[in-house]
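The values are calculated or read from the model by the stated rules, or taken from the named source; none is laboratory data. Every value quoted in this text rests on a predicted model; they were computed, and no experiment measured them. Heads up, the Cβs are rebuilt from the backbone with ideal geometry, glycines too, and the neighbour counts pull from every protein chain shown.
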Amino acid sequence: MEIFDIFLLEAVLNGILLGGLLALLSLGLNLIFGVIDVVWICYAEMIMIGMYAVYALHVQQHWPLLAAMAAGIAIVALLGALMHQFVIRPVLSAEPINQLLVTGGVLFFLQAAATLAFGIEFKNLGVRLPPVVIGEMSFSFPRIIAFAMALAGVAATWLLLTRTYIGTAIRAISQDRGIMPLMGVNPGRVFVVTSALGGSLAGLSACLLVLQYDIHPAIGLSFGPITFLICVLGGLGNMLGGLVAAFIFAQFISVGGFFFAIEWGYVIAFVFFIAVMFWRPQGILGGK
Amino acid sequence: MKYFLLALLALLAGTPFYGLGNYPLHLVIMCLLWGYVYTSWSIMGRLGLVSFGHGAFLGIGAYSVVMLWNHFGVSPWIGAIAGVVVSVIVAVIIGLPCFRFKIVGHYFALVTLALSEVTRLIIVALRDQTGGSLGATPNTALAQGNAWSLGALQFSEKIVWFYAILAVWLAGLWVWAKVDRGMTRLALEAISQEEEAAASIGINVTRSKLFVTLISAVMTSIGGVLYAQYQLYINPETVSGISISLQMVFGVIAGGMYVMLGPTVGAVFTLLLAEGLRLALGDSFKQFPALDLAIYGLMLVLFIIHMPKGILGTAAQIWQRRAAAKAPARG
């Protein structure tokens, strides 16, 4: 019984660490949805591109890891801006579902582009950090870094949105898309900045994921769905709700995976999601 | 136009006798099979119910027959019925609350996405029974030089499959046309424009939506059964989960959601794009493993921006405009 409890505690703590990472993953998507009202179904694929960028610069071009990561974030941020300019802008006035679908085309394209450039073999940075052992519990060190960085990313985004002029403009646009142009805010510019910001958050997620997981072209499909579900569960566009939802999901996955197989953890989390949608379709913290 | 389509159908029905060889015949069968599955999806998709969860029904159909056959020796005919029943139950469990609580648009898409992922994960998690990610193969019933086993729904000759799947595809188109002419379509079109207004003039929103959802789910799970029995190999990634669900959605969009043959054209287009590139590039195709997917993704983006009606939809539009331009001159 004693041992059982300590492993359960380990699962719970690991769940919290995973929650931080999931929170960061969903943050950029939530930001983009809240401001532009578009779901980027290819968001996870942009993270995948970021992971490949870090891999290519660090392993193939022998850049220092931190420089490669900074460049990776910049690349995905640029990709986000391009994505808005060339894919989303032409369909801004189309039906919402078309906006969702058009990003699906980008999903296929990015997956294929990564396959063309890097092949389908699994790649990794070759950086292996030792686990952190506390008593009888062990935690993956990259996961602790990811947790800390995720919290830092969330805090930085919050500061940006509340303390700067462009942040205020972004929040204003997200509250009323119709009226802000009349107040002298250029929504086109705000949208591009938001997309780049969302992209840079995807880039940051990529830097943290690449420390823990192997990279392959279909990796986006493995964590993409969960990212969307977290955003919806928290109330699409509601960043605080997204944070709460990320930690709830992470507990389901971690503790569910502790009692059963890891897939069952996901199954429980997804079924929970569907049930909550019927109970509160606007998300756990969303307003009516 | 009608005679032209009939002639085309007659031409299609003769495919096995053109001496094309096994591989081209296989491609035609795959076009028809996926054409049927895409048509099934479009029955609800074109009425504003964009589901990202049809991988669930495909997976339920495929795994029901194979699991019942392999573990209990139940004939695939019964297994198919079981698959359909399970699909109906799942469609009601998900559909009813979605429609009652007005979960529409991208919320509906994402809830159904969760459904298809749940199906895939359950199949993987039950790996002791299903073989997990490695997939499963139905036990063969074709020992001792038997080419046919009607009871086990296994045929080694492609020609049998060709006609079976051709018939199912035609039946799918018939259902599509039936729904197209029914009152439910008009009701659902009204709903997809303005749900509150439609409800206020006496349309039962939940029932109309559930009706097309059930048709679509049943047809898709039959598609899963056919896929399993024809390919004799299934895998959780290829019959369920997010990637196959997205493939269905985008195949239909590429072909054209609002015309009867649009989904089939989408299936032909996606399958032949890869084949066409293989032919055009020859051996160098192998150096570009995902070139077809890259072109496909790029074309989807361009399609949705510039021709949201898809290939066949746009072609039909141009054709109608020409016909309209010619008509006054004749009259």
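Values computed for the structure shown
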| read-out | value |
| --- | --- |
| Any hit, region A:260-270, residues being over 30 Å from A:GLY126 (Cβ atoms), outside any helix (DSSP H, G or I) and in contact (Cβ under 8 Å) with a residue 12 or more places away in the chain | no |
| One residue from A:GLY265, A:GLY220 being in contact with a helix residue (DSSP H, G or I) (Cβ under 9 Å, 6 or more places away or on another chain), within 11 Å of another protein chain (Cβ to nearest Cβ) and under 26 Å from A:GLU10 (Cβ atoms) | A:GLY265 |
| Any pair with Cβ under 7 angstrom, 6 or more apart, that starts in region A:237-249 at a residue that is touching a residue at least 12 places away in the same chain (Cβ under 8 Å) and ends at one that is in a helix (DSSP H, G or I) and among the β-branched types (Val, Ile, Thr) | A:GLY242/A:ILE230; A:LEU243/A:VAL154; A:ALA245/A:ILE230; A:ALA246/A:ILE230; A:PHE247/A:ILE16; A:PHE249/A:ILE226; A:PHE249/A:ILE230 |
| Test result for A:ILE173, touching a Phe, Trp or Tyr at 6+ places or on another chain (Cβ under 7 Å) and touching a residue at least 24 places away in the same chain (Cβ under 8 Å) | no |
| Per-region count, region A:99-136, residues surrounded by fewer than 19 Cβ atoms within 10 Å (Cβ to Cβ), among the β-branched types (Val, Ile, Thr) and within 30 Å of B:ASP292 (Cα to Cα) | 1 |
| Candidates A:PHE139, A:PHE147, filtered to the one that is aromatic (Phe, Trp, Tyr) and surrounded by fewer than 20 Cβ atoms within 10 Å (Cβ to Cβ) | A:PHE139 |
| Residue under evaluation A:GLY178, criteria (1) part of a helix (DSSP H, G or I); (2) without any contact (Cβ under 8 Å) to a residue 12 or more places away in the chain, criterion not met | (1) |
| Residue check, B:TYR258 farther than 30 Å from B:LYS178 by Cβ and among the aromatic types (Phe, Trp, Tyr) | no |
| Test: B:VAL85 is more than 14 Å from chain A (Cβ to nearest Cβ), of a type outside the set (Gly, Ala, Ser) and assigned to a helix (DSSP H, G or I) | yes |
| Output for region A:1-31, where each listed residue is at pLDDT 85 or above and either under 11 Å from the mean Cα position of the chain (by Cα) or in a loop (DSSP other than H, G, I, E, B) (or both) | A:GLY20, A:LEU21, A:LEU22, A:ALA23, A:LEU24, A:LEU25, A:SER26, A:LEU27, A:GLY28, A:LEU29, A:ASN30, A:LEU31 |
| Among (1) more than 13 Å from B:SER40 (Cα to Cα); (2) surrounded by 15 or more Cβ atoms within 10 Å (Cβ to Cβ) - the single one B:ALA325 does not satisfy | (2) |
| From the options B:SER64, B:SER42, residue that is in contact (Cβ under 8 Å) with a residue 40 or more places away in the chain and more than 30 Å from B:ILE203 (Cα to Cα) | B:SER64 |
| Single unsatisfied condition, A:MET51 versus (1) within 10 Å of chain B (Cβ to nearest Cβ); (2) in contact with a Phe, Trp or Tyr (Cβ under 9 Å, 6 or more places away or on another chain); (3) surrounded by 22 or more Cβ atoms within 10 Å (Cβ to Cβ) | (1) |
| Qualifying residues in region B:170-201 (those that are of a type in the set (A, V, I, L, M, F, W, C) and farther than 17 Å from B:MET44 by Cα) - the one nearest to the chain's Cα centre (by Cα) | B:LEU170 |
| Close pairs from region B:241-258: first facing chain A (nearest Cβ under 9 Å), partner acidic (Asp, Glu), Cβ under 7 Å, at least 6 apart | B:GLY241/B:GLU117; B:ILE242/B:GLU117; B:SER243/B:GLU237 |
| Residue within region B:56-76 that is under 18 Å from B:GLY172 (Cα atoms), surrounded by fewer than 17 Cβ atoms within 10 Å (Cβ to Cβ) and out of contact with any strand residue (DSSP E or B) (no Cβ under 6 Å at 6 or more places or on another chain) present | no |
| Unmet criterion (only one of (1) modelled with pLDDT of 90 or more; (2) buried (at least 22 other Cβ atoms within 10 Å of the Cβ)) for A:ALA56 | (2) |
| Near pairs, Cβ below 9 angstrom, 6+ apart or cross-chain, from region A:115-135 (within 21 Å of A:LEU13 (Cα to Cα) and in contact (Cβ under 8 Å) with a residue 24 or more places away in the chain) to any residue that is surrounded by 12 or more Cβ atoms within 10 Å (Cβ to Cβ) and of a type in the set (S, T, N, Q) | A:LEU129/A:SER140 |
| Criterion violated by A:ALA172 - all others in (1) more than 14 Å from chain B (Cβ to nearest Cβ); (2) of a type outside the set (Val, Ile, Thr); (3) within 22 Å of the chain's Cα centre (by Cα); (4) assigned to a helix (DSSP H, G or I) satisfied | (3) |
| Any hit, region B:122-138, residues being assigned to a helix (DSSP H, G or I), under 25 Å from the mean Cα position of the chain (by Cα), crowded, with 16+ Cβ neighbours inside 10 Å and free of Cβ contacts under 8 Å to residues at least 12 places away in the same chain | yes |
| Criterion (in contact (Cβ under 8 Å) with a residue 24 or more places away in the chain, within 14 Å of chain A (Cβ to nearest Cβ) and in a helix (DSSP H, G or I)) met by exactly one of B:PHE52, B:PHE108, B:PHE57 | B:PHE108 |
| Scope region B:171-192; condition surrounded by fewer than 17 Cβ atoms within 10 Å (Cβ to Cβ) and free of Cβ contacts under 8 Å to residues at least 40 places away in the same chain; matching residues | B:ALA171, B:TRP174, B:LYS178, B:ARG181, B:GLY182, B:MET183, B:LEU186 |
| Residue in region A:63-74 that is of a type in the set (A, V, I, L, M), crowded, with 22+ Cβ neighbours inside 10 Å and either modelled with pLDDT under 90 or over 17 Å from A:SER200 (Cβ atoms) (or both) present | no |
| Residues satisfying the stated conditions in region A:99-134, i.e. more than 15 Å from A:TYR55 (Cα to Cα) and in contact with a His (Cβ under 9 Å, 6 or more places away or on another chain) | A:GLN99, A:LEU100 |
| Residues satisfying the stated conditions in region A:81-134, i.e. in a helix (DSSP H, G or I), aromatic (Phe, Trp, Tyr) and either closer than 29 Å to A:ALA146 by Cβ or within 7 Å of chain B (Cβ to nearest Cβ) (or both) | A:PHE108, A:PHE109, A:PHE118 |
